[in-house]
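Here is the structure we will look at, set down as structure tokens.
Only the coordinates and a few stated rules stand behind these numbers; no lab work does. What you see is a predicted model, and the numbers here were worked out from it, not measured in a lab. Cβ atoms come from the backbone with ideal geometry, glycine included; neighbour counts cover every protein chain shown.
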């Protein structure tokens, strides 16, 4: 617990029992009842099926089996015959017939900065060949001017127009030395070349019809993670139709994808705890905050346990069902522990089948809710060392996911949530369950200021931006929408209005980070030890409350659906 960014007060379980918000019955009723010409964009992340380095240098060996690719101009490192092109092949097979506005982005990882221009071309070269000779390329697709460490991206939409096999070559100019890129054989699967394909869905033949979300290709995971039971098929869910309340001129706003991604702006959410003093009425604290800020929240966040009893474990409970009926989205953070006794389950306990009856019971209740809900298993797993290894977490996540699929609970939208702390960056690739098991990538950024002994006051953009950029650079969950599953800010005793301004600036920070499609405030005094210099709640004084209310009125956070009156 003694770590940078500590935000739990010892002895206080923030997950105990609080209200959540979901895109409830009213939003889903609108979604199911009305069909717009297009659904919101879907994303598919596709691993390369083959790659190699095209070269005329004999000693290069079997390039198709190397962990790196190379690019270099014709005169490379002083060798006039040393030119090299990186060649990558993808097989796109999951785009539905209704896919329109297809956009494809090639992402390849480099380790160092290079003052090179690297152009992506349509390529006739066999990407599976050991040492093919560079061939005259097809049309130029896009150019990166200046290679940077991390993932570099090329728009290859002119080549990837639909399903099929597509080969791209990367050709380098302007830097007379080799640049190395991670290949499909690299030991870290998160660094391997990817093709991110996004698309819209055109109108269905019948307004009443539903479609099945295309199954993403099987995710490649680290060798320590277990293999997916069915490598040829990803999870599917029923695709809901969008609502019809797009504002004039947008043509798109108001649509919601099958995985609850809004087509414009972001959802605005709240975690608000209850207590015995309130009679454990989990609806009351959310309603009270909504009255204070003058709007309904899109998402209500609640934490639940594995007891499968009472309001802690038998969810959705009566309060959550009411919130769904009123049009909120529920976000269930499901913890492998029992709150009342303090019992901690290991991830091996979960994937062994010992708790399958509990998993199946929860899956059945969520399925029977009949509306999409956000669901996360063991959020912030890097903070639970007693539960097992990173590979154990991945295996447990997949086990829970597969039990839900077997139960027909396809309305669960899976949210993988981590702290996003730099001290754990090396662990996140091994904790990621794989693209086929995750719908949203979430993290928990806070401007703690003096609450954790740090005197730095971070702006909203600085608070949310660091891990956002890290995700971009490392390609984890590429193409997935992002969520701030928890966020918050402290007060500033030297500047009483600093917190108000922080909230007022927050919508602009979201607009500058457009992959964030939901932000949920963690409004608990138990976040940290509350003192004269530390209070993370958004309504501890009139100034802070005014700023938070003003943020919630920003058009970017007011989805034109029935969920946000």
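A few notes on this one:
- Ranked list, fewest to most other Cβ atoms within 10 Å of each Cβ, for 448, 377: 448, 377
- Taking a ≥ b ≥ c as the square roots of the eigenvalues of the Cα gyration tensor, the range 43-201 is prolate, since a/c reaches 1.5 or more and a/b is larger than b/c.
- Modelled label positions at residue 163 and residue 555, each set 7 Å beyond Cα in the direction of Cβ, lie 4.0 nm from each other.
- Stretching the chain fully between residue 497 and residue 357 yields a gain of 45.3 nm (0.36 nm per residue, less the alpha carbon separation).
- As a ratio to 2.2 N^0.38 Å, the alpha-carbon radius of gyration for the range 329-381 is 1.21.
- Residue list for the range 151-177, given a label point 7 angstrom along the Cα-to-Cβ vector of residue 75 and an amide N cut-off under 20 Å: 171-177
- Between residue 466 and residue 115, the modelled labels are 3.2 nm apart [label points 7 Å from Cα along Cα→Cβ].
- Label sites at residue 473 and residue 346, each approximated as a point 7 angstrom past Cα along Cα to Cβ, lie 3.6 nm apart.
- Square roots of five times the Cα gyration tensor eigenvalues for the range 91-154, Å: 24, 19, 12
- Rg and Dmax, both from the Cα atoms of the range 242-557 and both in Å, are 18.9, 55.
- The convex hull around the C-alpha trace of the range 488-538, projected and averaged over every direction, spans 3.8 square nanometres.
- Sorted by Cβ neighbour density within 10 Å, fewest at the top, the residues 155, 317: 155, 317
- Here the contact order of the range 242-557, divided by its residue count and restricted to Cα pairs under 8 Å and six or more residues apart, works out to 17 percent.
- If the segment from residue 505 to residue 427 were pulled out straight at 0.36 nm per residue, it would be longer than the present Cα-Cα gap by 24.9 nm.
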